[in-house]
Every structure is written in C-alpha cells, then in structure tokens.
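S.K.: My structure is below; once you've seen it, I'll send some questions.
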Amino acid sequence: ESEVPSFIASKVSQYSCQRKTTLNNYNKKFTDAFEIMAENYEFKENEVFCLEFLRAASVLKFLQFPVTRMKDIQGLPCIGDRVRDVIEEIIEEGESSRTKEVLNDERYKSFKQFTSVFGVGVKTSEKWYRMGLRTLEEVKANRTLKLSKMQKAGLLYYEDLVSCVSKAEADAVSLIVKNTVCMFLPDALVTITGGFRRGKKIGHDIDFLVTSPGLKEDGELLHKGLLLYCDIIESTFVKEQIPSRKVDAMDHFQKCFAILKLYQPRVDNSSNNTSRKFDMAEVKDWKAIRVDLVITPFEQYPYALLGWTGSRQFGRDLRRYATHERKMILDNHALYDRREKIFLKAGSEEEIFAHLGLDYVEPWERNA
Ligand code: TTP
Ligand code: MN
Ligand code: MN
Ligand code: MN
C-alpha cells in the first residue's frame, strides 16, 4: 500500500493556488466566523484586516481535519494574532465574542442589508448609513434617494434574488443562454464559470463566459434582446495592455450584470380544486435570476476562464504568486513576463499553471 504522507503544517503554502481546497470543509465553525470578521472589515474599508481573515479562512478550509486544539494550527501560514484569538475563543467557548459583537453591531447589520441589494456596494451603504438610514424598509420608503437603474431592479426583484440559485436552475438557465447565444453566434463556446464550475450546489448568481473562434473584439451579442434587466459594460481592453497589478482589479471584457426571467412550471400545492383557478392567476410562474455574461476574444479565453472560475481568494493568490514568486503579472486577459518583457500565450488553463510553474489545480479544488 502507498503510504499516506503525514501532515506538516510548516509545509502548507501561504498561497491557495498551491493548495487543493475542495468544498469539504472540516472547519466551517471557524471559517464562518472569519468570514463575518472579514466582511465587517470590508464594510469599514480596512482591506488589510479583511484579507488577513479571508486568507486564514482559506487555510482552514484546506485542512483535512477539524481543528480542536491550538496545537493543531501551530506552524500554519496566515494565522496572525487577531485570527488566533478568535480560534482560541471558539475552541474554549464554542463561539467567538468578537464575531457576536459584529453580528449585533448596528452598522454591520445595516450594511449587510444594504449590500444584499443588487447594485449596492460599500460606497452606497456608507452614504445611506450617514443619512441615518438603517433598514431596507427605510431605504424603500425614502423618496429623496436617487437610485441607479441597477439598484431599482435590485429592489424590484429583491425576494427572488436573495433566495439562492440552485444547480437545477443553473442548468436550466445554461440551456437558455446556450440556445440563445447560438442563434446569434452559431460556433459560440458558452461555459459556466464561477461557483457552479467549482462544483457548488447553490450560488448567488450564474456566471457565463462566451467566446467563439472568429469573435471580433466587440461582439454585439449583448445588444440583442434576452434580458429583463441588463447593464452592459463595453469592452475597454486595449491590445497588448500590461496586466493590472491591483489585487481585485476589474477586467476589461464586454460584460453584463443581468437579471434573467426564468419561467418555471408552477408547483400546485392545493388539493382543493375550487381555489385552484383563482390561485393559478395569482401565482408568479417565473423567478428572477442574476446572471453575469462575459464576452471574451478567443485567444484570451483561458485567462478569462481561470479568472472567472474563482474562487475570489484563489484568483487573488494566483496573481500574488505571479507577482512575488515569478516576476510576472496575471489578470483575466493575459500573463506578462516582466523579465522577458513578453506576453505568454496559453491555449488552456493547464498551460497557464505551467507558465507559472504551478501544479495544475482542478476547478473543484479551487474553493479556497
Ligand atoms: P462571483 O459570481 O461573485 O462568485 P462565485 O461564483 O464564486 O460565488 P457565488 O455563488 O456567490 O456567485 O464571481 C465569480 C468569479 O469571477 C470570482 O472568482 C471573481 C471573478 N470576477 C472577475 O474576475 N471580475 C469581475 O469583474 C467579477 C465581478 C468577478
Ligand atoms: Mn457566481
Ligand atoms: Mn459572491
Ligand atoms: Mn458573478
């Protein structure tokens, strides 16, 4: 029998792109707490502390055993004092007082509600909070607020959008998107990316990447009707553009953050036939679903696929690894070698990992 390599904490890489992280999380108790801490720092625009907790969460998601003693985390990377304190309290008390404080914090609670609306980020939440607004009810009732088109759609379809997207819904939408895109672009390649490509069973949206061998820089694909709400962002990519080194830089693809109307067969729960006719008229037979559509030139497709598959933390670490370990710059369009001053072409994700000198990590192992 082959021997099982024993776990050596000090050998765990600080980069999640050098670890295999499946959805099987033995330390959810800890990582949930870290993610709440990180979110609170995000709301306070404290990126350093936010990333500290996200990196720690990602390390614990990788562990193949549940942490039960402080000894278990000894030697692991990315576990600073702030993180250690939270772990210690959870081990001893079963929960973290810091996390509880955050969950009860008025500002956190308001920001959590505000940012749950499509189109509302930290900046808008900050503005509303400063105006004295605390709940979504207050936001909806306020007549003086100037809401963007996106935010109006976010509020209009709020209930549907906060209820998560199932794998079955993702598959149904995938068929619709593929069929529709292929009417305009017969040789199109349409791929589900994001959480569903990593094997998640639920998501907050469905992410699609669209390309085709002959695709011109700007497909006019997105300008043809299909969507309930669509905010089209035109491509701003300039040929031979050096990748951006920002941690969470936006890419330059033509894309749209859309809301799709998914018709669903009605589930009839009533056994009473007399009330049925009435009910059928009332019941909504569709669900609003958040869809991200990204159009990419064919030669950038592997880079776009890698970037849009995520996880967000996996992507951050890939870029950080490229910069600090390889003197290269990676983004969703390209990989640039700063020493050689050349762009490294890739025909697949495997080739990008190889350019970076990394072992290939399968999409379902990128749940960092
Ligand atoms: P998300 O859809 O935000 O996240 P997710 O699919 O992992 O999880 P969820 O179920 O909550 O939807 O983003 C998917 C990936 O796309 C993520 O790793 C980051 C990347 N991304 C970009 O590269 N550029 C962008 O502009 C955006 C919005 C996301
Ligand atoms: Mn997604
Ligand atoms: Mn998300
Ligand atoms: Mn998305």
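Here, each number is a calculation from the coordinates, and none is a lab measurement. Just so you know, these numbers come straight off a predicted model, no measurement behind them. Virtual Cβ from ideal backbone geometry, glycine too; neighbours counted across all protein chains shown.
S.K.: Per the Kirkwood treatment, what hydrodynamic radius in Å, one decimal, follows for the chain from the mean inverse distance over all distinct Cα pairs?
M.R.: That comes to 22.9 Å for the chain.
S.K.: Moving on to the next point. Report the percentage of all Cα-Cα pairs in segment 312-365 whose separation exceeds 16 Å, rounded to a whole percent.
M.R.: Counting every Cα pair in segment 312-365, those more than 16 Å apart make up 37 percent.
S.K.: Next question. Based on the alpha carbon coordinates of segment 106-156, what radius of gyration and maximum Cα-Cα distance (Dmax) apply, in Å?
M.R.: In order Rg, Dmax, the Cα atoms of segment 106-156 give 9.7, 28 Å.
S.K.: Then there is this: Can you tell me the length gained on complete extension of the stretch residue 85 to residue 97, counting 0.36 nm per residue apart and subtracting the Cα distance?
M.R.: Taking residue 85 through residue 97 to full extension adds about 3.3 nm, to one decimal.
S.K.: Something else about it: Once R0 is set to 45 Å, what does the formula 1/(1 + (r/R0)^6) return for the Cβ-Cβ distance between residue 14 and residue 175, expressed as a FRET efficiency to the nearest 0.05?
M.R.: Calculated transfer efficiency: 0.65.
S.K.: So what's segment 9-102 giving for Cα Rg divided by 2.2 N^0.38 Å, two decimals?
M.R.: My calculation over the Cα atoms of segment 9-102 gives 1.01.
S.K.: Is there a pair in 200/255; 149/255; 100/149 whose C-alpha atoms are over 26 Å apart, and which pairs would that be?
M.R.: Those over the limit are 100/149.
S.K.: Multiplying the sequence separation of residue 69 and residue 141 by 0.36 nm and subtracting their Cα-Cα distance, what value in nm do you get?
M.R.: Extending this stretch completely gives an extra 21.0 nm.
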